[in-house]
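The values are calculated or read from the model by the stated rules, or taken from the named source; none is laboratory data. These numbers come from a predicted model, not from an experiment. Glycine also receives a Cβ, built like all others from the backbone with ideal geometry; neighbour counts cover every protein chain displayed. Note: accessible area is taken over every heavy atom of the protein model, side chains too, but ligands, DNA and RNA are not part of it. Shrake-Rupley method; radii C 1.70, N 1.55, O 1.52, S 1.80 Å.
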Amino acid sequence: MNYLFAIILLCFSALLQAKKCVILLHGLARSADAMQVLEKRLQQAGYVVSNVDYPSTQYPIEQLAALAIGQGLRYCQQQSAQPVHFVTHSLGGILVRYYLTQQPIAHLGRVVMLGPPNQGSEVVDNLKDVPGFELLNGPAGQQLGTDEASMPKRLGPVDFELGVIAGTQSINLLLSTMLPNPDDGKVSLESTKVKGMTDFIALPTTHPFMMKNDAVIAQTLYFLQHGEFELRQSE
């Protein structure tokens, strides 16, 4: 009887240890609502999910990174879930990159970035001095250009498992005129790339809606499971 109880206890402990956490970080001027479709799909796949809602337009990247990622990590710890993966949209990816330059994350798993401005965005270069831009996008928005003040360009190569998904369609033709083609309406395909990334794919989707796109979600799940995208694409 004691032997059977020990086996059951071991199996239960293994199930607890098998929980994996995914922290979701939305983009600039968005909220956790934007990541709800992705949140549900990840939960259905068996992940513990922390869909972080953070005030993206109120603080610079340095403060947002500590605030948002700290919240996500605490939730994963409370759930005794590891490793800790990240799925980010746009600015969210820069928060992860910045955070990891300041301190390591215990049990860090894989990271998928959707439409990240890893080399900044020419849209910010063109619009940052336009009245109302900073009001709408906050201090962090001002840091996402491609000039010497660009936070993304100061962060250097990544040294973690990273899959980048870029979009190649735009619903904002005006902003697209400010970007090298192909682009997703906010970020050019080339600007999503960063030295050290593990894998990269481009999909026919737009910046504002890529986190709800079925193909994007499928590739995100595949990378979290396998460390590469299912679709093979030469750069």
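Provide the descending list of Cα extents for the chain along its principal axes, expressed in whole angstroms.
74, 36, 30
Ignoring everything except DSSP H segments at least 4 long, calculate the 222 nm mean residue ellipticity for the chain; use -39,500 (n - 2.57) per segment, divide by total residues, nearest 500.
So the calculated ellipticity at 222 nm is -11500 deg cm²/dmol.
Output wanted: per-residue J couplings in Hz (rounded whole) for region 28-42, from phi through Karplus 6.51 cos²θ - 1.76 cosθ + 1.60, θ = phi - 60°, x for Gly and Pro.
Once θ is set to phi - 60°, the couplings for region 28-42 become 5, 6, 10, 9, 4, 4, 5, 9, 5, 4, 5, 4, 5, 5, 5 Hz.
Name the long-range amide H neighbours of PHE200: under 5 Å, sequence gap of 5 or more, or other chain; modelled H, no Pro or chain starts.
When sequence neighbours closer than 5 places are left aside, the close amide H contacts are VAL164.
With Cβ to Cβ distances under 13 Å as the rule, what net charge do the other residues near MET210 carry (K, R +1; D, E -1)?
Charge balance in the 13 Å sphere: 0.
Length gain on complete extension for the stretch LEU108 to GLN58, per 0.36 nm per residue less the alpha carbon to alpha carbon distance?
Gain on extension, LEU108 to GLN58, equals 15.3 nm.
Could you sort HIS226, HIS89 by accessible area so the largest value comes first, with the probe set to 1.4 Å?
Per-residue accessible area, sorted high to low, gives HIS226, HIS89.
Got a sec? What order do ASP125, ASP33 fall in by accessible area at 1.4 Å, biggest, i.e. largest, first?
Highest to lowest solvent-accessible surface, that is ASP33, ASP125.
Given 0.36 nm per residue, what is the gain on full extension from THR168 to GLU228 after removing their alpha carbon distance, in nm?
Additional length available on full extension: 19.6 nm.
Starting from the 7 Å offset along Cα-to-Cβ, what nm value, one decimal, do you get for the label separation of SER80 and ALA29?
4.4
Quick check: convex hull of the Cα atoms in region 99-161, volume per residue, rounded to a whole Å³?
Spelled out: Cα convex hull of region 99-161, divided by residues, is 103 Å³.
Starting from 0 in steps of 10 Å, tell me what percent of the Cα-Cα pairs of region 26-79 lands in each bin.
24, 49, 25, 2
For region 55-152, what is the largest minus smallest coordinate of the Cα atoms on each principal axis, given in angstrom and ordered from greatest to least?
Largest first, region 55-152 extends 46, 22, 21 Å along its Cα principal axes.
Taking the Cβ of LEU179 as the centre, find all other residues whose Cβ is under 13 Å away and add up their charges (Lys, Arg: +1; Asp, Glu: -1).
Value of the local net charge: -4.
Quick check for you: with a 1.4 Å probe and neighbouring chains kept, what is the accessible area per residue of the chain, in Å²?
Ligands and nucleic acids excluded, the result is 48 Å² per residue.
Would you report the distance distribution of C-alpha pairs in region 139-235 as whole percents per 5 angstrom bin, up to the bin with the largest distance?
2, 13, 20, 22, 22, 14, 5, 1
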